[in-house]
Amino acid sequence: MGFDRKATSIWEGDLQSGSGKTTFDHSGAAGPLHMEWDARAGEAKGTSPEELIAAAHATCYSMALSGALAKADMPPERLEVSAVVTFSTEGGAHIESSKLTVVGIVPGADEQAFMEAATAARDGCPVSKALAGNIEITLDASLKS
């Protein structure tokens, strides 16, 4: 059984001088979010597809890691996850990579068990699976006491 989620973008004008708005139709959690070309390849004056992918990747990964740690009897107290998605215009516009960084507070976890769960979550989160084979996905994971 699949679960649909919908977002809508409206763009007005050409790429360089135009702008758009994106809304999250399913949840209404954010929006309308302002977008323009400079947010992708210059100074941010709104959001960009890459920032939205970064948000989705960080969120999905944090949920996957929380689940993996709980399954291994190491429920996390806190996971701080960021994703940096790199956009390039060299050789044509494309996304190069997503770098996940996580700092976890996980009572009772040792470094090796945490790293195993962190790596499994990177490979298993649905957003990582959607991106895999298309861009480089890296992970920097650490435990904080």
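Tell me, what HN-Hα J-couplings in whole Hz come from the Karplus equation 6.51 cos²θ - 1.76 cosθ + 1.60 at θ = phi - 60° for each residue of the stretch 19-29, using x for Gly and Pro?
7, x, 9, 10, 10, 8, 5, 5, 9, x, 5
Got a sec to turn the phi values of the stretch 44-58 into Karplus ³J(HN,Hα) couplings, 6.51 cos²θ - 1.76 cosθ + 1.60 with θ = phi - 60°, whole Hz, x for Gly and Pro?
So the J values, rounded to whole Hz, are 6, 10, x, 9, 9, x, 5, 5, 5, 5, 4, 4, 5, 5, 4.
Past 32 Å, Cα to Cα, is the threshold; run K6/K144; K21/K99; K21/K144; K6/K45; K45/K129 against it and keep the listed order.
K6/K144; K21/K144
Given bins 5 angstrom wide, list per bin the percent of all Cα-Cα distances in the chain, short to long.
2, 9, 17, 17, 16, 15, 11, 7, 4, 1, 0
So what J values fall out for the stretch 75-90 if you push phi through Karplus, 6.51 cos²θ - 1.76 cosθ + 1.60 with θ = phi - 60°, rounded to Hz, Gly and Pro as x?
Taking θ as phi minus 60°, the curve returns x, x, 7, 7, 10, 10, 10, 10, 10, 10, 9, 9, 9, 9, 9, 6 Hz for the stretch 75-90.
Among all stretches of the chain without exposed GluC sites (Glu not before Pro) (DSSP loop, at most 13 other Cβ atoms within 10 Å), which one is longest?
Here the longest segment lacking exposed loop sites spans 91-145.
Chymotrypsin sites (Phe, Trp or Tyr not before Pro), restricted to the stretch 1-92: which are DSSP loop and have at most 12 other Cβ atoms within 10 Å?
F3
No value in this document is a laboratory result; all are computed from the given coordinates. Model, not experiment: these values are computed from the prediction. Cβ sites come from the backbone with ideal geometry, for glycine too, and all protein chains shown count toward neighbours.
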